[in-house]
Structures are given as C-alpha cells and as structure tokens.
Amino acid sequence: MAKVRTRIAPSPSGPLHVGTARAALFSELYSHGQGGKFIIRIEDTDQERSKPEYEQAILEGLKWLGLTWDEGPDIGGDFGPYRQSERTESYTAALTKLLDNGTAYTEAGSEAIKLTVEPQEVTFNDLIRGEVTTHSDTWGGDFVIARSATDPVFHLAVVVDDAAMEISHVIRGEDHLSNTARHILLQRALGLPEPAYAHLPLLMDDQRRKLSKRAGDTDLLSYRDQGYLPEAMVNYLALLGWSPKDDREHLTHDELLKVFSLAGVQKGGAIFSEEKLVAVNKAYLRELSASDLLARARNHLEAAGYTIDDESYWSAALQTEQERVATLAELPAAVEFYKPDWPADYEAPALIWKKSTKEATLDVLGKLVEFLSAVAEDSYTAEALEQTLMQWIADNQRDRGETLWPMRYALTGREHSPGPFEVAAVLGRKLTVERLTAAHAKLK
RNA sequence: GGCCCGUUCGUCUAAUGGUUAGGACACUGGUUUUUCACACCAGCAACAGGGGUUCGAUUCCCCUACGGGCUACCA
C-alpha cells in the first residue's frame, strides 16, 4: 500500500478558522492513524492578502490543538519549501509545459493564462460522498490558471504542489468540491497522478450558514483566549461531522488516532455550537490535576491582575472552583474572594440566612470566631472542619443553614460559592477568623 | 438563475428492509443539600413531504420542498 500523505493548505490571509482547524485535525488523524505523514503547506499565492503574522497565528493555532506535522514551513522537510510563494519555479515550469504542448494559452488582451478544456464530464470518487460528476460547462470550460507566467492561481499551485509533495489524500472542506473537477483536468494535462479526495461537510453557524466571522467566533485561537482547553476543542471538533459509530463521546487525541476513519464522516453540514463545547470543556477541566489546573489558569489569572506567588495557596483555591466553572477564563472572577486583601464589600444584611434573624446571625458569627480560633492549625482542613463544625452544630442544637450560610457569606460575599469548609480550609485559620470577625462587626 | 452536495430529537449523532428508532448536550421534574454547582433518578423530544419497489420502508429508487456550497486573474 502506498504511503499515506495528507496536508492542510491554509491561506495566511486571516487567523486560523475553526473549519480549517477541523480539516487539519481530520487530515492529521487520517495520516498519523495509519503511520502516514501530515504536511502543512502555506498557500500564499495571493500576495495582497497574505501576511506573515497570519502564518504564525495559523501554526500557533494548530500547535495549540496539539497537532503535530512531519513537514511544514517551520520545520522544513524533503519536499520543501512549504510556502507557495517560494515555489514559483515549479509553477512556471508547469505553465511552460502546458503552453508548449498547447493545452494552455495566454488570453488575448491580458497576461492571464487559461487551460483549454474540451467540453466533458469529469467523474471522481469522493471518499465520503461516493461518485461525483461535474460537467466542464458548469464553470464555462477554459479557466484561468495564472495571472501571468510567474503568478499562478490557486488551482494550478494546488495541483502542482500536491503532486510534488506526493500527497495521497486530499481531505478538505466541501466548499472545494466544485473545484475538484478542474484540479483533475489540470492533473491530466500535466500528466500528474490523481490523489484521493474526501470532502468534509461544512461547519455552519446557528443560522445554518457557512460559519463566518460575523456570526460568531471563527478564530480558533479566540477559543484558547476564552479559556477552552485544547483537548476539549479537539474532542469537540472531531465529533462535528464524525463519530466513532458507538456511543463514545469522550475521545482524546490518542484515542482518536486509533479509531478515526473517513467512513464515520457525516455528509450533512454540522452546526458549530458552543453549548456542547462548554460541556466537553467542563469534562476535561475536571480531569486536570491541581498543578495542571494552576499552570493552565496562570495566564488568565495574571492577565486579570493576580500575582501568583503562593502556588500552593492558589492551586488549592482553584481546585474549589474546578468543577464549577465552564472555562479557564471564568477562574479569575471565580476565585476573587481568595485574594488575601479581598475587600468584603457585600451588604451586611445578606449575612442573615433566609430562615434566620439578625440576632441569631450575630450570635452564630461570634461563636464561630471563638470556636474556629480554638481549632488547631493542623486540623484546619476541609474534612476535619466539616466534622468538627457539624458536631458543634449538633451539640449546640443549631440549624445548619443558620450557621453555615453566614459563614460562607462572610468568607466569600456570595450567595453561590464552594462549600464553607472548603473555602475556610483554603483561606486558613487567620483569614477565616478575620473575615468572620469583620462580618460580625459589619452586621452589628 | 445554473451546477454540485445534502436532509434522523432544539443541537451533535447511532442503528435498521420488520426496533418501544439508541446515546450525548440542552431543557423539564425529582432526590440530595447551608447556596449554587456536582452527582443520581425520571421525563420531554426526530426518521422533511409525496410517490413508487416490497409481505413490510426511516432504510432502496424517483419527484418535490427545504438547506448549504460553488458560480473570481481569493483560497
């Protein structure tokens, strides 16, 4: 069996589109899943729109996803260079060949070169859709393959490069489906081999339109910035238009490598909806170890003005929110009250539980300060606190809510927060007592 | 308009010539509970429509409708 070589060929005329990222993922899974090679080729024949910073952003995005490539503009390879702007000689040679054998001609009154196309039907076997037939009249027969003798157009460059780079399978979006017939004609005219084609269903927005910038975020890296985990994005993207045919939904990149196949690819377009992405992200978020969580959240926290000097403190703080947030980006706001200098700017009456009174709350707060001040430092853990405090509540025949609500509120200033024992354990005895004391004074 | 591709719960999807058409997310209700969340349990919800073929079609064929893509000297 011939070696499998797939590629992603982004145009550096904008950030990495999520659709491109998905095509890259599918291409990478397909080749690496069977010991093949995955290549990145930058299609920058449009010099007006192509920008080096976009190339950087695209590679950064693919890297963020955890994809690896065997050849590309950044690492080179045996079939380089991997930027079309650096491969003009091969296009010129192809053009010369076509011009010489009479299958192409220079259009009268311009520099543009067109391929001569006899009216005909072109059929190819799409690996996802089966046989697809197009008639050359569809696009008007002859078509432009270069703006000038040294300035090829996408169609020519793609065909020449796919052959030169020995691409065996072209896995790309359905928006290219109607270009394929032209590419095949070009391959025939140049005497080049025909790679296998697989056209992926398009990603759509919630209006069922092709996912576009104005409808939402199409920039893959914006999802990184919004605090999504790359593993979650990979898992989610893989499930958009593909399934393993069983009920598994949680699939890591390694697992995908084992089970991915084009047979599982859907034909219809899929809506990219953040709803499920959030759910997937939550699932991956909760699998993170404490140190990993801190490492991943660090940028978000620092960008929000946090100084992470005490790593074990913040790591513990983050853990209490780990199962509560949807993205890393929510963490800075979520752990605000863990700041040692947290201002406690809540309204005092909020300390009173719905079924309690001001008097009872003041009493509880006072007793809590006494009790907690007496707890040994080494017993100041969430588990131990829960045990001793619950016992204390029982012994004093108090109501749980009447005790725990003011405690949590005094420590966090929130109606919704992690449990009071957890929070207290992270804050430590000193801060806990200080905050309870302050709450007592504030309510009084 | 022309050409091409598509169409299973709201969304992502599974399965099948004969099933109570399965799962996940979302949603709803319940349990638990100091709040929210989590967890657990339960529920709601789909074969676009019409013709065929067939003993029997969601499944195969045709038509229609609807949706999408392409229709550039962008990729």
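Observations, loosely collected:
- Divide the volume of the convex hull around the Cα atoms of the range A:200-261 by the residue count and you get 104 Å³ per residue.
- Across all Cα atoms of the range A:187-329, the radius of gyration (one decimal) and Dmax (whole number) stand at 19.2, 68 Å.
- Label-to-label distance for residue A:63 and residue A:304 is 2.7 nm, based on points extended 7 Å past Cα in the beta-carbon direction.
- Residue A:92/residue A:347 FRET efficiency (R0 60 Å; Cβ-Cβ; nearest 0.05): 0.20
- Between residue A:276 and residue A:254, the FRET efficiency estimated from the beta carbon spacing at R0 = 25 angstrom works out to 0.70.
- For the range A:129-188, convex hull of alpha carbons as volume per residue, Å³: 107 Å³
- Unsatisfied cross-links (Cα-Cα over 25 Å) in the set A:114/A:210; A:37/A:114; A:245/A:282: A:114/A:210; A:37/A:114
- Other-chain or far-sequence residues with amide H under 5 Å of residue A:5's (modelled H): A:37, A:168, A:169
- What the phi angles of the range A:237-252 give under the Karplus curve with 6.51, -1.76 and 1.60, with θ = phi - 60°, is a coupling list of 4, 5, 7, 8, x, 8, 8, x, 6, 10, 8, 6, 10, 9, 9, 7 Hz, glycine and proline written as x.
- Between the listed residues A:257, A:221, A:234, the Cα displaced farthest toward the positive end of the dipole of the range A:217-282, a dipole computed from Cβ unit charges relative to the Cα centre, is found at A:257.
- Counting only Cα atoms, the size of the range A:348-443 along its three principal axes is 33, 25, 23 Å, in decreasing order.
- Between residue A:390 and residue A:99, the simple label model (points 7 Å from Cα in the Cβ direction) yields a spacing of 8.5 nm.
- Candidates A:61, A:132, A:165 compared by Cα position along the dipole of chain A: farthest toward the positive end lies A:132, with charges placed on Cβ.
- Stokes-Einstein diffusion of the range A:269-386 at 25 °C, 0.890 mPa s viscosity, Kirkwood radius from Cα pairs, rounded to a whole number: 142 µm²/s.
- Calculated from the alpha-carbon coordinates, the range A:290-338 shows an Rg and a Dmax of 9.2, 25 Å respectively.
- Highest mean packing comes first when the peptides A:345-354, A:296-305 are listed by Cβ atoms within 10 Å, giving A:296-305, A:345-354.
- Backbone geometry of the range A:100-117 corresponds, through the Karplus equation with coefficients 6.51, -1.76 and 1.60 at θ = phi - 60°, to 3J(HN,Hα) couplings of 5, 8, x, 8, 9, 8, 8, 5, 4, x, 7, 8, 4, 10, 10, 8, 7, 10 Hz, x marking Gly and Pro.
- Bridge orientation summary for the range A:1-133: considering DSSP beta bridges with both residues in this region, about 55 percent are antiparallel.
- Taking packing as the residue-averaged number of other Cβ atoms within 10 angstrom, the listed peptides A:91-102, A:4-15 run from highest to lowest as A:4-15, A:91-102.
- Amide hydrogen neighbours beyond the local backbone of residue A:11, cut-off 5 Å, H modeled: A:43
- Mean residue ellipticity, 222 nm, helices only, chain A: the sum of -39500 (n - 2.57) across DSSP H runs of n ≥ 4, divided by residue count and rounded to 500, is -14000 deg cm²/dmol.
- All C-alpha pair distances within chain A, sorted into 20 Å bins from zero, spread as 21, 39, 23, 13, 4 percent across the bins.
- Net charge dipole size for the range A:135-221 [Lys, Arg +1 and Asp, Glu -1 on Cβ; Debye, nearest 20]: 220 debye
- When both bridge partners sit in chain A, DSSP labels roughly 55% of those beta bridges antiparallel.
- Charge dipole (debye, nearest 20) of chain A; +1 at Cβ of Lys and Arg, -1 at Cβ of Asp and Glu: 800 debye
- Computed FRET value (nearest 0.05) for residue A:398 with residue A:217, which takes r as the C-beta separation and R₀ as 35 Å: 0.10
- In degrees, nearest ten, helix A:382-395 long axis to first principal axis of chain A (Cα): 40 degrees
- Of interest is the spacing of the C-alpha centroids, which for the range A:354-402 and the range A:1-71 amounts to 58 Å.
- Beta bridges assigned by DSSP with both partners in the range A:114-213 are antiparallel in approximately 65 percent of cases.
- Per-residue ³J(HN,Hα) for the range A:398-407, Karplus 6.51 cos²θ - 1.76 cosθ + 1.60, θ = phi - 60°, Hz, x for Gly and Pro: 9, 8, 4, x, 5, 8, 6, 4, x, 4
- Fraction of C-alpha pairs exceeding 20 angstrom in the range A:1-83: 28 percent, rounded to a whole number.
Bear in mind these aren't lab numbers, they're just calculated from the coordinates by the rules spelled out. Being a predicted model, the structure only gives us computed values, none of them experimental. Note that each Cβ is placed from the backbone with ideal geometry, even for glycine, and that neighbours are counted across all protein chains shown.
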